[in-house]
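K.L.:
Can you keep this structure in mind? I'll have questions shortly.
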Amino acid sequence: MMNNLKIDGIDAIEKCVGEFQIWAQGILPYGKMKVKIYENKDGVFTGYTDVRIIRKFDNAPEGAVGHGKTIDEALMDTLNYFIEIVKEDYPIEKYPDGLLEENIVYSEFSDF
């Protein structure tokens with residue numbers, strides 16, 4: 001359906017095909033985050049977290065993004081990247097209680 005739509009001035013249309021509540025109480029100060037999965041016109045799925053982690057190398061927030069050929073693949077890739085960021089910048093040895101409030105930024109409710 002989406003790949004047949006042609007509208008002047010519209011570059012791309014993505015369909016939100018999933019929204020997941022992810023519980024990670026040992027990592028996140030509020031215990032949970034959301035991941036939304038979108039499908040593009042080519043059938044590629046992309047996941048985005050509503051939590052952005054303040055990165056150590058530039059002190060800027062970065063959200064995890066993942067891709068896949070299915071919703072599940074995109075969700076797994078997104079969550080694996082999220083965990084990779086946490087392990088790299090906030091290892092459990094230094095942060096045994098998980099991330100602190102000042103280590104993360106949640107997306108605005110209206111943006112996510």
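Coordinate-derived values only; no laboratory data. Only a predicted model underlies this, so the values are computations on that prediction, with no experimental measurement involved. In this analysis, Cβ positions are derived from the backbone assuming ideal geometry, glycine residues included, and neighbour counts consider all displayed protein chains.
K.L.:
What is the calculated FRET efficiency for K56 to I7, with r their C-beta to C-beta distance and R₀ = 35 Å, to the nearest 0.05?
P.N.:
Taking R0 as 35 Å, the efficiency between K56 and I7 is 0.25.
K.L.:
Now a separate question. With the contact rule set at Cα under 8 Å and sequence spacing of 6 or more, what percent relative contact order holds for the chain?
P.N.:
The normalised contact order for the chain reaches 22 percent.
K.L.:
Using helices alone, I'd like the mean residue ellipticity at 222 nm for the chain: each DSSP H run of four-plus residues gives -39500 (n - 2.57), total over residue count, nearest 500.
P.N.:
The per-residue figure over the chain is -6000 deg cm²/dmol.
K.L.:
Using only the Cα atoms of the chain, each taken as one equal point scatterer with no solvent, compute I(q) by the Debye sum, divide by I(0), and report log10 of the ratio at q = 0.15, 0.22 Å⁻¹.
P.N.:
So the normalised log intensities work out to -0.68, -1.18.
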